[in-house]
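**Q** Here's a structure for you.
The values are calculated or read from the model by the stated rules, or taken from the named source; none is laboratory data. Worth saying up front: this structure is predicted, and the values here are computed from it rather than measured. Note that each Cβ is placed from the backbone with ideal geometry, even for glycine, and that neighbours are counted across all protein chains shown.
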Amino acid sequence: MSCACGEYAHLELYREEIDRRIRATKKLKGALELIAEGGAGDQLLKCAACGQHWQSSRAWNWGAREYLFKVPDIGAAEWLAEPYMKPDEMLIYGASMSRFEEAQSFKEKDEACRAEGCDGRAIELSVLCKRHHIESLQKVWALPQYPRGRPFEPYGDGYT
């Protein structure tokens with residue numbers, strides 16, 4: 001039994017890539033077996049021919065249309081506890097944060113970050129290091145939230 005999994009690379013984090021994958025998903029999904037279904041309607045699927053795991057998600061910024069992306073092998077219980085990060089959310093987060101970072105100065109100053117247990121340097125106009133400054137703005141919803149889910153390669157930690 002052959003499959004088409006090898007024809008699909010990991011998604012690059014570009015709108016056009018997600019658009020293409022949305023269009024290809026119905027055909028691709030027809031050849032996959034359902035392993036688990038999450039509470040948000042996300043699904044974990046597997047190719048019977050090659051064993052490649054896929055996650056199904058709905059891209060809210062694309063009208064909640066379904067798309068598939070390759071993920072590492074994982075058991076159903078582990079995946080249900082924490083599904084993988086969604087490329088569409090990583091893309092939106094990265095774009096939002098890059099606009100924020102272009103408008104800000106994150107030049108370090110000669111002061112320690114005041115966050116408990118942090119040995120980083122505070123940035124100008126703040127008493128916190130860059131990471132803790134961004135986290136403090138996320139807590140009050142002044143910046144987008146970090147994408148939810150389990151990070152995986154090739155995406156690293158999903159953009160910090």
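**Q** For Ser98, work out the one condition from (1) surrounded by fewer than 12 Cβ atoms within 10 Å (Cβ to Cβ); (2) in contact (Cβ under 8 Å) with a residue 24 or more places away in the chain; (3) not basic (Lys, Arg) it doesn't fulfil.
**A** Here Ser98 meets the rest and fails (2).
**Q** Only one residue in Ala115, Ala103 is over 22 Å from the mean Cα position of the chain (by Cα), closer than 22 Å to Pro144 by Cα and surrounded by 16 or more Cβ atoms within 10 Å (Cβ to Cβ), so which one is that?
**A** Ala115
**Q** Is it the case that the range 72-84 has a residue that's charged (D, E, K, R), within 30 Å of Arg131 (Cβ to Cβ) and over 15 Å from the mean Cα position of the chain (by Cα)?
**A** The answer is yes, given that some residue of the range 72-84 is charged (D, E, K, R), within 30 Å of Arg131 (Cβ to Cβ) and over 15 Å from the mean Cα position of the chain (by Cα).
Yes or no, residue by residue, for (1) in contact (Cβ under 8 Å) with a residue 60 or more places away in the chain; (2) not assigned by TED's automatic domain parsing to the domain that holds Arg20:
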site	(1), (2)
Ala64	no, no
Ala77	no, no
Gly94	yes, yes
Asp110	no, yes
Ser136	no, yes
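**Q** Would the range 10-31 turn up any residue that is loosely packed, with under 12 Cβ neighbours inside 10 Å, assigned by TED's automatic domain parsing to the domain that holds Lys70, among the aliphatic types (A, V, I, L, M) and on the phi < 0 side of the Ramachandran plot?
**A** no
**Q** Looking at the range 39-53, which of its residues are more than 18 Å from Pro87 (Cα to Cα) and either of a type in the set (Ser, Thr, Tyr) or in contact (Cβ under 8 Å) with a residue 12 or more places away in the chain (or both)?
**A** Listed by number, the residues that qualify are Lys46, Cys47, Ala48, Ala49, Cys50, Gly51.
**Q** Any chance the range 44-51 includes a residue that's surrounded by 14 or more Cβ atoms within 10 Å (Cβ to Cβ) and touching a Pro at 6+ places or on another chain (Cβ under 9 Å)?
**A** Yes, the range 44-51 contains at least one residue that is surrounded by 14 or more Cβ atoms within 10 Å (Cβ to Cβ) and touching a Pro at 6+ places or on another chain (Cβ under 9 Å).
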